[in-house]
Amino acid sequence: MSFVPPIKLPRSATFRLTIFYIVLFTLSVGAIFVFMGLSANRYLRLEDEEKVDLAVMRVTENLNSVPSRDWPQLIRQTFERPENNDLVFALFDQNQRFILGTMTQPPRYPKAEDTWRRLDYAVYEDISPSPEHVRAKRILLPAGYELFAGRQDDQRNAVFDVILSQLLGGLLLTGILATVGGVLMTGSVVSRLEAFNDVSREVMTGNLAARIPTKGAGDEYDRLAGNLNRMLDQIGILMNEVKRVSDNIAHDLRTPLTRLRNRLEQLLDDRHDRNTQRAMIERAIEDSNGLLDTFNALLRIAEVNSGSRRSRFAELDLADILRDVYELYEPLAAERNQEMSISTVDSAVIRGDKDLLFQAFANMVDNAIKHTPEGGEIKIAIRDVDDGISVSVADAGHGISPEERKAVFDRFYRTEESRTTPGSGLGLTLVAAVAELHGARIELGDNEPGLLFTMTFFKRA
Amino acid sequence: MRVLIIEDDAEVANFISKGLQESGHLALHVADGKEGLFTAASDEFDVMIVDRMLPHVDGLTIIQTLRASGNDTPALILSALGDLNDRVKGLKAGGDDYLVKPFAFSELLARLEVLLRRIRNTAPDTALRVGDLEMDMLSRRVTRAGRHIDLQPREFRLLEYLMKHEGQVITRTMLFENVWDYHFDPLTNVIDVHISRLRRKIDKDFDRPILHTIRGAGYVLRAAD
């Protein structure tokens, strides 16, 4: 794993995501720290106030049991206790004359008109006799006396400063660690993805054998790699199939083309008389027609395979189509003394392409007639089965061996026995294509003897 | 006949017009859709051959426009391999026949001649006659030289079509489309067998055959002269 990401950091989606996360995370941590700081500050302030309140309470508790001339003494005693040495206080008489205290100057704010009420808290204000800050409050005593009591700020501020600097330090450390982590993570993700990109590039230059390496960790990368590799396998299979089919097509078309060419070449020979020439030309035209038919059949198969004809599906009755096929081929069977019978249901309505289905059934019946010997029996049937409607053609020919049953649907495939009979080898290919277009299932079975060809159409649930 | 060919592929157009000229017809070739529409609208032709894919105005639009303006010239639509079997669309647009490339010239010619001599009758024929072969449409009876011939329904339809196109070459594909109503490429020439059967019934026991095979093209019903 390389540390340095092969793409510029800002371009990487992972990096942008981590930066986004870092910022979000740092802001969250910052918010928490701010909250913590504010809470700490508030706690410390409350502590201050509590201490002041405690001293003030001591004073006000005892005021009523002590004559007013002793009040200064009481107040001094209270505030000069050792534990209160960080408190500040000042006592003013009803004329705002300073009596005693640590504050040298009366704080400037309006004199309250209220009479003294027990625990009457005035608004907390920061009073600042320089150079120190204190936080103090004004308490109204009986007879118009005013007591100011507070606590110095400096200790609290010192503590708060330490806390604050610690928090900021922590925040900075968080930011640094997060960024480093982000870069590392980006590097890891990007380099992992580069492996995918490398293989893709290799495949595109033509090496279909390239596969994405998996680390065996079973993680999302491995799963993606596994799927992509299987996709490449599938592409390889398809390409081989295409190659095989085109090779077959080229090979099988060469023969009739060569024959045509030979005929035409023979025509150049002047020794033939007009009638012979004419006959040869007619046969040459027949050959080309045959070739054109083959090409048309190939194109039709391709068109069916492309699925585009599905958009033209309409409701039709399979029984009607099968009956039409029977009627078309019955004379052909009769010529070969074959007994062809048909058994149908009243109606078998599905959605499909009338012409394609007619063609498929016709090919099936045509095959049956071709392979059944003279006098043999052919049974055409359409019936309802559990999962749908089945159309079957049973002949009395030599059947198709189980090994060949899959291959017969390949383009141009001819079984050994039919190699010499006329035909392009595309008939069954088209049948298979039409079946697939209609979502129907094909089965080749043993008619004992002969072939039982069944196509099952599924009823839409 | 005067034939207008609207086709942008020069080779195909050449092939068609040469063949037509050799058969004794007059062919005018236009390679552009717009020009084709103009020519068809401003001149008299017996039949048109219109390719679907054309520059500027496509074939179906040409036909639709002509039909909308009252021009009834029979039109045969040529279509390239891409739109195999868009027959219905072509016929709906006002075309009279539909042929997919590549086609054999004999097929094209046969279809053109059928188009040309199509009699626009609103009243159906009550009886058809070719030579001494007679078909009564009302009673569905066929006789030849006075002798009754027993035909099955499909054979009747086949003979009816051939008689309606007396003297014209009918290709196997045309028979499939018109007598069987399917667009279909048979593996074996199963139509030939139907024709043989029909021939056995209407020709075999009579002195002069009227159902002839034209090699490489199709069949024709013609009273011998």
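Before moving on, here are some points about what is shown:
Per-residue answers, yes or no, for (1) among the basic types (Lys, Arg); (2) part of a helix (DSSP H, G or I); (3) closer than 29 Å to A:Gly397 by Cα; (4) at pLDDT 90 or above:
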{"position": "A:Ser311", "(1), (2), (3), (4)": "no, yes, no, no"}
{"position": "A:Asp324", "(1), (2), (3), (4)": "no, yes, yes, yes"}
{"position": "A:Arg351", "(1), (2), (3), (4)": "yes, no, no, yes"}
{"position": "A:Leu357", "(1), (2), (3), (4)": "no, yes, yes, yes"}
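- Note on region A:244-282: residues that are modelled with pLDDT of 85 or more and of a type in the set (D, E, K, R) total 8.
- Count of region A:204-222 residues which are within 15 Å of A:Val189 (Cα to Cα) and part of a helix (DSSP H, G or I): 3
- Filter result for A:Val189 (in contact with a Lys or Arg (Cβ under 7 Å, 6 or more places away or on another chain) and either aliphatic (A, V, I, L, M) or open to solvent by 70 Å² or more (accessible area, probe 1.4 Å) (or both)): no
- On the stretch given as region A:134-145, residues that are in contact with a strand residue (DSSP E or B) (Cβ under 6 Å, 6 or more places away or on another chain), without any contact (Cβ under 8 Å) to a residue 60 or more places away in the chain and open to solvent by 10 Å² or more (accessible area, probe 1.4 Å) total 1.
- In region A:35-84, residue farthest from A:Ala158 (Cα to Cα) [restricted to those that are of a type in the set (Ser, Thr, Tyr) and touching a residue at least 40 places away in the same chain (Cβ under 8 Å)]: A:Ser68
- Unmet criterion (only one of (1) under 49 Å from the mean Cα position of the chain (by Cα); (2) facing chain B (nearest Cβ under 9 Å)) for A:Ser306: (2)
- A:Val180 among the hydrophobic types (A, V, I, L, M, F, W, C), surrounded by fewer than 18 Cβ atoms within 10 Å (Cβ to Cβ) and under 30 Å from A:Ala55 (Cβ atoms): no
- In region B:214-225, residue nearest to the other protein chains (Cβ to nearest Cβ) [restricted to those that are more than 21 Å from B:Glu177 (Cβ to Cβ) and among the small types (Gly, Ala, Ser)]: B:Ala224
- For region B:181-213, the tally of residues that are within 12 Å of chain A (Cβ to nearest Cβ) and modelled with pLDDT under 85 stands at 9.
- Boolean, B:Pro153 is within 14 Å of chain A (Cβ to nearest Cβ) and either surrounded by fewer than 17 Cβ atoms within 10 Å (Cβ to Cβ) or more than 16 Å from A:Leu332 (Cβ to Cβ) (or both): yes
- Members of region A:345-366 that are at the interface with chain B (Cβ under 8 Å from one of its Cβ atoms) and open to solvent by 10 Å² or more (accessible area, probe 1.4 Å): A:Lys354, A:Asp355
- Sole residue being among the acidic types (Asp, Glu), touching a helix residue (DSSP H, G or I) at 6+ places or on another chain (Cβ under 9 Å) and in contact (Cβ under 8 Å) with a residue 24 or more places away in the chain, chosen from B:Asp43, B:Asp96, B:Asp8: B:Asp8
- In the set (1) within 9 Å of chain B (Cβ to nearest Cβ); (2) over 27 Å from A:Tyr413 (Cα atoms), A:Met280 fails one condition alone, (1).
- Scanning region B:1-36 for residues that are farther than 20 Å from B:Leu99 by Cα and either of a type in the set (D, E, K, R) or open to solvent by less than 40 Å² (accessible area, probe 1.4 Å) (or both) returns B:Glu22, B:Lys34, B:Glu35.
- Residue within region B:101-112 that is at pLDDT below 85 and within 24 Å of A:Arg310 (Cα to Cα) present: yes
- Residue within region A:220-229 that is more than 26 Å from B:Gly218 (Cβ to Cβ) and touching a Ser or Thr at 6+ places or on another chain (Cβ under 6 Å) present: yes
- Selection of region A:242-277 for residues being of a type in the set (S, T, N, Q), out of contact with any Phe, Trp or Tyr (no Cβ under 6 Å at 6 or more places or on another chain) and under 30 Å from A:Phe409 (Cβ atoms) yields A:Ser246, A:Thr255, A:Thr258.
- Scanning region A:317-344 for residues that are within 21 Å of A:His438 (Cβ to Cβ), open to solvent by less than 20 Å² (accessible area, probe 1.4 Å) and away from chain B (no Cβ under 11 Å) returns A:Leu318, A:Ala319, A:Leu322.
Here's the yes/no breakdown for (1) at pLDDT 90 or above; (2) within 30 Å of B:Asp185 (Cα to Cα); (3) open to solvent by less than 80 Å² (accessible area, probe 1.4 Å); (4) within 14 Å of another protein chain (Cβ to nearest Cβ):
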residue: B:Ser139; (1), (2), (3), (4): no, no, yes, no
residue: B:Leu159; (1), (2), (3), (4): yes, yes, yes, no
residue: B:Lys164; (1), (2), (3), (4): no, yes, no, no
residue: B:Gln168; (1), (2), (3), (4): no, yes, yes, no
residue: B:Met174; (1), (2), (3), (4): no, yes, yes, no
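- Restricting region A:381-401 to residues that are among the hydrophobic types (A, V, I, L, M, F, W, C) and assigned to a strand (DSSP E or B) leaves a set whose member that is most open to solvent (accessible area, probe 1.4 Å) is A:Val385.
- Condition broken by A:Glu335, with the remaining ones in (1) modelled with pLDDT under 90; (2) closer than 27 Å to A:Lys379 by Cα; (3) within 56 Å of the chain's Cα centre (by Cα) satisfied: (3)
The values are calculated or read from the model by the stated rules, or taken from the named source; none is laboratory data. None of the values given here were measured: they were computed from a predicted structure. Don't worry about glycine lacking a Cβ; one is built from the backbone with ideal geometry, like all the others, and counts go over all protein chains shown. With ligands, DNA and RNA removed, areas are computed over all heavy atoms of the protein, side chains included. Shrake-Rupley method; radii C 1.70, N 1.55, O 1.52, S 1.80 Å.
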